[in-house]
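Contents: one structure, followed by commentary.
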């Protein structure tokens, strides 16, 4: 039974009067009578007993009341759900992020979403470095991604949600830990542990800038899979690493020292990025919540 027919049937079943039922439905009585006749013909069953003085339900009509009511209620719930999805009040966002190095940033963003839009679900997918995460977002397997990029493609839009500084990670017994800050010249000749990502990645670009200042070519001895592994390699004495202050704050490695660079290589922006022409209502709600959320992750 179609929803509009179920509404018509219920109006007559509850009013037991075709005139009042028609007024309730804001239609004339003859079309309502024809609609009820049509329902009876479709079901091949009489739903109402009609006499000049009264209208009453047949046993079939009585049995049909609750299923018809549930059909109408279900239809109304579906309409409400559609409206809530359109307003970004409910739905799901697939959000990628690099992992532990941005845990606090992603955690704060998720907390704000839970407070402001409790029925909006965020499916978090971690352990994605910035460039692989960007590729997955561009392919459509993620709705948005949190990462660090010096350059983004033109089809991507973004918002800054945190700012960090670049620091050098050293073994605690390294000779340079005696210094409170390091210059580019201090780091000439050091073995470097890097992350994958290529020349367009933030760390790769900033390491090249640092090397240009110090007039040295970075001697890369290892490429770590992620920031946590990178720090473990530093801890083991394999080399030094250029990393983010967010890594220092979120990845616990007790026997690694961190030193700032002077002069600074400039701040690094942690961004929420998404496909510019593919913003769902749920994603628009996340972007709205992220607006103005900028935390200074430095130390």
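Scan the range 214-227 residue by residue and report those that are farther than 14 Å from residue 258 by Cα and either in contact with a strand residue (DSSP E or B) (Cβ under 6 Å, 6 or more places away or on another chain) or buried (at least 16 other Cβ atoms within 10 Å of the Cβ) (or both).
From the range 214-227, those farther than 14 Å from residue 258 by Cα are 214-226; that's our starting set.
Within the range 214-227, 214, 218, 219, 220, 221, 222, 223, 224, 226 qualify.
Sort out which residues of the range 136-160 are surrounded by fewer than 15 Cβ atoms within 10 Å (Cβ to Cβ) and part of a helix (DSSP H, G or I), and write them in order of number.
139
Could you go through the range 108-121 and let me know if any residue there is modelled with pLDDT of 90 or more, crowded, with 16+ Cβ neighbours inside 10 Å, not in a helix (DSSP H, G or I) and not assigned by TED's automatic domain parsing to the domain that holds residue 194.
Scanning the range 108-121, I find no residue that is modelled with pLDDT of 90 or more, crowded, with 16+ Cβ neighbours inside 10 Å, not in a helix (DSSP H, G or I) and not assigned by TED's automatic domain parsing to the domain that holds residue 194, so the answer is no.
Taking residue 73, is it under 14 Å from residue 7 (Cα atoms) and part of a helix (DSSP H, G or I)?
Working: under 14 Å from residue 7 (Cα atoms): yes; part of a helix (DSSP H, G or I): yes.
Considered against the rule, which asks whether it is under 14 Å from residue 7 (Cα atoms) and part of a helix (DSSP H, G or I), residue 73 comes out as yes.
Report whether or not residue 55 is in contact (Cβ under 8 Å) with a residue 12 or more places away in the chain and farther than 16 Å from residue 6 by Cβ.
Working: in contact (Cβ under 8 Å) with a residue 12 or more places away in the chain: yes; farther than 16 Å from residue 6 by Cβ: yes.
Criteria met by residue 55.
Which of the numbered conditions does residue 176 fail, given that it passes all the others? Conditions: (1) within 21 Å of residue 95 (Cβ to Cβ); (2) touching a strand residue (DSSP E or B) at 6+ places or on another chain (Cβ under 7 Å).
(1)
Tell me, which strands (runs of 3 or more DSSP E) lie completely within the range 220-299 with 3 or more residues that are over 28 Å from residue 139 (Cβ atoms) and under 28 Å from the mean Cα position of the chain (by Cα)?
Output list reads 295-297.
On the given criteria, is residue 12 touching a residue at least 12 places away in the same chain (Cβ under 8 Å), surrounded by 12 or more Cβ atoms within 10 Å (Cβ to Cβ), over 44 Å from the mean Cα position of the chain (by Cα) and farther than 30 Å from residue 146 by Cβ? Walk me through how you get there before you give the answer.
Working: touching a residue at least 12 places away in the same chain (Cβ under 8 Å): yes; surrounded by 12 or more Cβ atoms within 10 Å (Cβ to Cβ): yes; over 44 Å from the mean Cα position of the chain (by Cα): yes; farther than 30 Å from residue 146 by Cβ: yes.
Yes; evaluated as a whole, the condition is true for this residue.
Would you check which residues across the range 161-187 are free of Cβ contacts under 8 Å to residues at least 60 places away in the same chain and buried (at least 16 other Cβ atoms within 10 Å of the Cβ) and list them?
Those that are free of Cβ contacts under 8 Å to residues at least 60 places away in the same chain and buried (at least 16 other Cβ atoms within 10 Å of the Cβ): 186, 187.
Kindly provide the set of residues from the range 63-78 that are surrounded by 16 or more Cβ atoms within 10 Å (Cβ to Cβ) and free of Cβ contacts under 8 Å to residues at least 12 places away in the same chain, ordered by number.
The answer is none; no residue qualifies.
Counting just the residues of the range 90-107 that are free of Cβ contacts under 8 Å to residues at least 60 places away in the same chain and part of a helix (DSSP H, G or I), which one comes out surrounded by the fewest Cβ atoms within 10 Å (Cβ to Cβ)?
Step one: filter the range 90-107 for residues free of Cβ contacts under 8 Å to residues at least 60 places away in the same chain, giving 94, 96-97, 106-107.
Next cut, part of a helix (DSSP H, G or I) only: 106-107.
Details: 106: 22, 107: 13.
Applying the filter and picking the extreme gives 107.
Spot the failing condition for residue 249; the list is (1) surrounded by fewer than 20 Cβ atoms within 10 Å (Cβ to Cβ); (2) modelled with pLDDT under 90; (3) not assigned by TED's automatic domain parsing to the domain that holds residue 196, and only one is missed.
Failing condition for residue 249: (3).
Which one of the conditions (1) closer than 30 Å to residue 123 by Cα; (2) free of Cβ contacts under 8 Å to residues at least 40 places away in the same chain does residue 217 fail to meet, given that it meets all the rest?
Only one criterion is unmet by residue 217, namely (1).
Do we find a residue being surrounded by fewer than 21 Cβ atoms within 10 Å (Cβ to Cβ), over 24 Å from residue 134 (Cβ atoms) and in contact with a helix residue (DSSP H, G or I) (Cβ under 7 Å, 6 or more places away or on another chain) anywhere in the range 194-208?
No; the residues of the range 194-208 include none that is surrounded by fewer than 21 Cβ atoms within 10 Å (Cβ to Cβ), over 24 Å from residue 134 (Cβ atoms) and in contact with a helix residue (DSSP H, G or I) (Cβ under 7 Å, 6 or more places away or on another chain).
The values are calculated or read from the model by the stated rules, or taken from the named source; none is laboratory data. Since this is a predicted model, take the numbers as computed values, not measurements. Methodologically, a virtual Cβ is constructed for each residue, glycine included, from the backbone with ideal geometry; neighbour enumeration extends over all protein chains shown.
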